[in-house]
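Colleague: Got a structure for you, questions after.
The values are calculated or read from the model by the stated rules, or taken from the named source; none is laboratory data. Keep in mind that this is a model prediction, so the values were computed, not measured. For neighbour counting, all protein chains shown are included, and Cβ atoms are generated from backbone atoms with ideal geometry for every residue, glycine included. To get the accessible areas, we keep the full protein, side chains included, count just its heavy atoms, and leave off ligands, DNA and RNA. Shrake-Rupley method; radii C 1.70, N 1.55, O 1.52, S 1.80 Å.
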Amino acid sequence: MSFLTLTKLQKSFGPTKVVHDFNMAIDKGEFISFLGPSGCGKTTILRMIAGFETPSGGTIEIANKDQTNLKPNQRNIGMVFQAYALFPNMNVFDNVAFGLKIGGMPKAAIEARVREMLALIHLDHLAERYPYQLSGGQQQRVALARALAPKPQVLLLDEPLSALDAKIRVSLREEIRHIQQQLGITTVFVTHDQEEALSISDRIVVMNAGKADQIGTPFEIYNRPTTRFVASFVGTLNVLEATVTDQSAGLVRIGDATLAIKDAIPAVNGSTVQLAMRPEAGALAGNGEATVRGKVTSSQFLGSVIRTRVEVAGKTISFDTFNDPGTKPPVIGDLVGVKIDPSGLIVLAD
């Protein structure tokens, strides 16, 4: 049964509608990521859950209790902001204790809870330091501990890692996921970084122009995108034009090659369809393998991976292959065969 339920949620700013009839049921303990470009509505939905924005329509329920018109301080929600928002005149201990003091918790209980939270984020040895004495990653961990200290029903994270350098982002997102699983807290995470969303989420909501283009597990979002936007926004994408040669048998022609694909083809024989292909679904072909032919337009050596681009039937296919020290990478201008895994071809309905 769902724990956080958003029903026909809408938000308009003047004549501009930024969220359109959004529906989602989130289970208790689930980690949900809202992924999409700037202006797609993901942060607006987060702010409506928190109570910082009032919906223009629809309802928000937590544990079957309507939260739609409650003020932020009337909702049992913890929030971590992009800019940390720590109090500069308070040390780490007092920052984490702030919400507990406002809630009237006894002093001894506050002491115990703050120590528990600081141990959870591995910063108990820095309790007396002030925010200016901490690194960006440490400040964000303190902000996380402060949000978790009052034992919220839902944790909201608004692009909390975007101000950090790449290495710290990876370690901190793993730490956030570990803490979330350890506490079993329902979490909504907003990001524009696809790698973050894919690596730590139970499900991902891909937002586009105020609507959810697709909701699914990271595996589903990456491997079975349902729209061109999702396919192109999440991961690297090749889009190929193919001619349907036998709709019932799933046969299409790309260049001079005929391939059998697994997806149902919503088009008649002789018509053109758009196929999406991830880079890992292509490779340079060996002798005797079924291929499409093309000309190499670029070849980049990236250490463990070689990224090759080949022009096929007027379109460019980009694919990655693992580096083989015994095989030289192709040269620009070479005519080569490209082996395509038919199971990796996705028919784009839009």
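Colleague: Of all residues being over 21 Å from the mean Cα position of the chain (by Cα) and aliphatic (A, V, I, L, M) in region 73-87, which is nearest to R47 (Cα to Cα)? Just the residue, please.
Modeller: Top of the filtered list is I77.
Colleague: Let me ask something else. D350 fails exactly one of the following numbered conditions: (1) farther than 20 Å from E220 by Cα; (2) modelled with pLDDT under 85; (3) open to solvent by 80 Å² or more (accessible area, probe 1.4 Å). What is the number of that condition?
Modeller: Answer for D350: the failing condition is (1).
Colleague: If I filter region 331-349 for residues that are of a type in the set (S, T, N, Q) and closer than 17 Å to T236 by Cβ, do I get at least one hit?
Modeller: If we filter region 331-349 for residues that are of a type in the set (S, T, N, Q), which is where we start, we get 343.
In the following step, the residues that additionally are closer than 17 Å to T236 by Cβ were identified as none.
There is no residue in region 331-349 that is of a type in the set (S, T, N, Q) and closer than 17 Å to T236 by Cβ.
Colleague: Checking D66 against (1) of a type outside the set (A, V, I, L, M, F, W, C); (2) open to solvent by 50 Å² or more (accessible area, probe 1.4 Å); (3) modelled with pLDDT under 95: exactly one of these is not met. Which one?
Modeller: If we test D66 against (1) of a type outside the set (A, V, I, L, M, F, W, C); (2) open to solvent by 50 Å² or more (accessible area, probe 1.4 Å); (3) modelled with pLDDT under 95, just (3) comes out false.
Colleague: With respect to the numbered conditions (1) surrounded by fewer than 18 Cβ atoms within 10 Å (Cβ to Cβ); (2) farther than 25 Å from L4 by Cβ; (3) not aromatic (F, W, Y), which one is the sole condition not fulfilled by Q182?
Modeller: The single condition Q182 does not satisfy is (2).
Colleague: Answer yes if at least one residue in region 88-100 is at pLDDT below 95, under 20 Å from the mean Cα position of the chain (by Cα) and closer than 21 Å to A147 by Cα, and no otherwise.
Modeller: Scanning region 88-100, I find no residue that is at pLDDT below 95, under 20 Å from the mean Cα position of the chain (by Cα) and closer than 21 Å to A147 by Cα, so the answer is no.
Colleague: So, one more: Tally time: how many residues in region 290-337 are open to solvent by 70 Å² or more (accessible area, probe 1.4 Å), of a type in the set (V, I, T) and within 20 Å of T258 (Cβ to Cβ)?
Modeller: Counting residues in region 290-337 that are open to solvent by 70 Å² or more (accessible area, probe 1.4 Å), of a type in the set (V, I, T) and within 20 Å of T258 (Cβ to Cβ) gives 0.
Colleague: Quick one: which strands (runs of 3 or more DSSP E) lie wholly within region 111-223 and hold at least 2 residues that are closer than 30 Å to N89 by Cα?
Modeller: Because the criterion is at least 2 residues that are closer than 30 Å to N89 by Cα, the strands (runs of 3 or more DSSP E) in region 111-223 that meet it are 154-158, 186-191.
Colleague: Still on this structure: Inside region 1-16, can you point out the residues that are open to solvent by 80 Å² or more (accessible area, probe 1.4 Å) and more than 13 Å from A212 (Cβ to Cβ)? Reasoning before the result, please.
Modeller: Pass one, region 1-16, residues open to solvent by 80 Å² or more (accessible area, probe 1.4 Å): 1, 8, 13, 15.
Within region 1-16, M1, F13, P15 qualify.
Colleague: With respect to the numbered conditions (1) under 30 Å from T16 (Cα atoms); (2) buried (at least 21 other Cβ atoms within 10 Å of the Cβ), which one is the sole condition not fulfilled by A97?
Modeller: Result: A97 passes all but (1).
Colleague: More than 30 Å from M117 (Cα to Cα) and buried (at least 16 other Cβ atoms within 10 Å of the Cβ), is that true of I265?
Modeller: Working: more than 30 Å from M117 (Cα to Cα): yes; buried (at least 16 other Cβ atoms within 10 Å of the Cβ): yes.
So I265 passes the test.
Colleague: E280 - would you say it is of a type in the set (D, E, K, R) and either on the phi > 0 side of the Ramachandran plot or at pLDDT 90 or above (or both)? Explain how you work it out, then say what you get.
Modeller: Numbers: of a type in the set (D, E, K, R): yes; either on the phi > 0 side of the Ramachandran plot or at pLDDT 90 or above (or both): no.
No, not satisfied.
Colleague: Follow-up. Could you tell me which residue of region 320-346 is farthest from the chain's Cα centre (by Cα), considering only residues that are of a type in the set (V, I, T) and modelled with pLDDT under 85?
Modeller: Here the answer is T327.
Colleague: Moving to a separate point now. Out of I77, I102, I121, which single residue is touching a residue at least 60 places away in the same chain (Cβ under 8 Å) and either under 16 Å from L155 (Cβ atoms) or open to solvent by 30 Å² or more (accessible area, probe 1.4 Å) (or both)?
Modeller: None of the others qualify; the one that does is I77.
Colleague: Could we say that G286 is over 28 Å from the mean Cα position of the chain (by Cα), on the phi > 0 side of the Ramachandran plot and at pLDDT below 85 here?
Modeller: Details: over 28 Å from the mean Cα position of the chain (by Cα): yes; on the phi > 0 side of the Ramachandran plot: no; at pLDDT below 85: yes.
So G286 does not fit the description; no.
Colleague: Which residues, counting only those in region 231-258, are part of a strand (DSSP E or B), within 21 Å of E280 (Cα to Cα), open to solvent by less than 50 Å² (accessible area, probe 1.4 Å) and of a type outside the set (A, V, I, L, M)?
Modeller: Passing the criteria: only N238.
Colleague: Quick test for you: out of E116, E111, E175, E128, pick the one residue that is touching a residue at least 24 places away in the same chain (Cβ under 8 Å), farther than 22 Å from I45 by Cα and open to solvent by 70 Å² or more (accessible area, probe 1.4 Å). Steps first, answer last, please.
Modeller: Numbers: E116 fails: touching a residue at least 24 places away in the same chain (Cβ under 8 Å); E111 fails: touching a residue at least 24 places away in the same chain (Cβ under 8 Å); E175 fails: open to solvent by 70 Å² or more (accessible area, probe 1.4 Å).
From the options E116, E111, E175, E128, the qualifying one is E128.
Colleague: Another one. Considering only region 294-325, state which residues are assigned to a strand (DSSP E or B) and touching a residue at least 40 places away in the same chain (Cβ under 8 Å).
Modeller: G294, K295, V296, V312, K315, T316, I317, S318, F319, D320
Colleague: Moving on to the next point. Which one is surrounded by the fewest Cβ atoms within 10 Å (Cβ to Cβ), of the residues in region 142-156 that are in contact with a helix residue (DSSP H, G or I) (Cβ under 6 Å, 6 or more places away or on another chain) and of a type outside the set (A, V, I, L, M, F, W, C)?
Modeller: Among those residues, the one meeting the criterion is P150.
Colleague: Here are some residues: T217, T245, T272, T226. Which one is closer than 18 Å to V347 by Cβ, among the hydroxyl-bearing types (S, T, Y), modelled with pLDDT of 90 or more and out of contact with any helix residue (DSSP H, G or I) (no Cβ under 7 Å at 6 or more places or on another chain)? Can you show your working first?
Modeller: Values: T217 fails: closer than 18 Å to V347 by Cβ; T272 fails: modelled with pLDDT of 90 or more; T226 fails: modelled with pLDDT of 90 or more.
Among T217, T245, T272, T226, only T245 is closer than 18 Å to V347 by Cβ, among the hydroxyl-bearing types (S, T, Y), modelled with pLDDT of 90 or more and out of contact with any helix residue (DSSP H, G or I) (no Cβ under 7 Å at 6 or more places or on another chain).
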